[in-house]
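> Before I ask anything, here is the structure I am working with.
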Amino acid sequence: MTDRHDPEAVARLRAAVSAIEDGSPVPALRDARPQSGLPPQDPEVAQRPSRRIPPPDPATRDSDSDPHAVARAVVLRQLTGAPKSRKQLEDTLTRKGCPDDVAAEVLDRFEQVGLVDDREYAAMFVRSRAETRKLSRAALRRELSQRGITGELAEQALEQRHEKDEVRDAHELVRRKLPASADLTDRKERDKLT
């Protein structure tokens, strides 16, 4: 290990950092002489190409200064994992420090090309939650509201879910929760279970 106050070591480290930033080959950080107690490096290992991390893409570096490019990258990253509502994306952009006007412009453009569609998102969300979690219309309405989908959009999405579906799901839930040995003809036992 090199002494942290060694000017030559500091100079070598600075040269290595600038080489990494520029994308040029990194100079050797150690001299050829063995370090305290370490065996000399095997010549075969020394000739292997090193696994270098590629330098950052200059286009990416420039996009960091453009708030629109940063906002687009954040939105695309968010949409890669799962569909999101416009409000969820706005909240994420706000947390990331994106100006409101830039967020609005970027999200408007994503809506124009069809990558952000609250109507489609609400329909998919209701369908998914109704199948996996068997939620009632009221619970689904609350969850949609938390995601920024209210009013007519929420009601249109909730039209997929009918009262008969909720009753069927409630009966299924009761059947799953009741013990198999329950005697529902005995009023005392039924009252105790329900």
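The values are calculated or read from the model by the stated rules, or taken from the named source; none is laboratory data. Quantities reported herein were computed from a predicted structural model and do not represent experimental measurements. For neighbour counting, all protein chains shown are included, and Cβ atoms are generated from backbone atoms with ideal geometry for every residue, glycine included. Accessible surface is based on the protein model in full, side chains and every heavy atom, while ligands, DNA and RNA are left aside. Shrake-Rupley method; radii C 1.70, N 1.55, O 1.52, S 1.80 Å.
> Determine the gain in length on full extension of the stretch residue 128-residue 183; use 0.36 nm per residue of separation and subtract their C-alpha separation, reporting nm with one decimal. Spell out each step's value before the answer.
On the way: separation 55, 0.36 × 55 = 19.80 nm, distance 3.44 nm.
Stretched out fully, the residue 128 to residue 183 stretch lengthens by 16.4 nm.
> Which of the peptides 154-163, 69-78 is most tightly packed, and how do the rest follow, judged by the mean count of other Cβ atoms within 10 Å per residue? Display every interim value, and only then the final one.
Working: 154-163: 15.3, 69-78: 17.2.
The densest-packed peptide leads the list: 69-78, 154-163.
> What distance in nm separates the two pseudo spin-label positions at residue 143 and residue 112, each 7 Å out from Cα along the beta-carbon direction?
3.4 nm
> What lysines could a cross-link reach from residue 177, if we take a straight Cα to Cα line under 16 Å and drop same-chain neighbours fewer than 8 places away?
Here the lysines satisfying the reach criterion relative to residue 177 are 134, 192.
> What part of the accessible area of region 94-194, given as a whole %, is carbon or sulfur when the probe is 1.4 angstrom?
On the way: 3410 of 7150 Å².
The C+S portion of the solvent-accessible surface of region 94-194 is 48 percent.
> Only residues of region 146-161 count here: report those whose backbone N is under 14 Å from the spot 7 Å along Cα→Cβ of residue 172, or say none.
Residues 161 qualify, since their backbone N sits under 14 Å from the label point.
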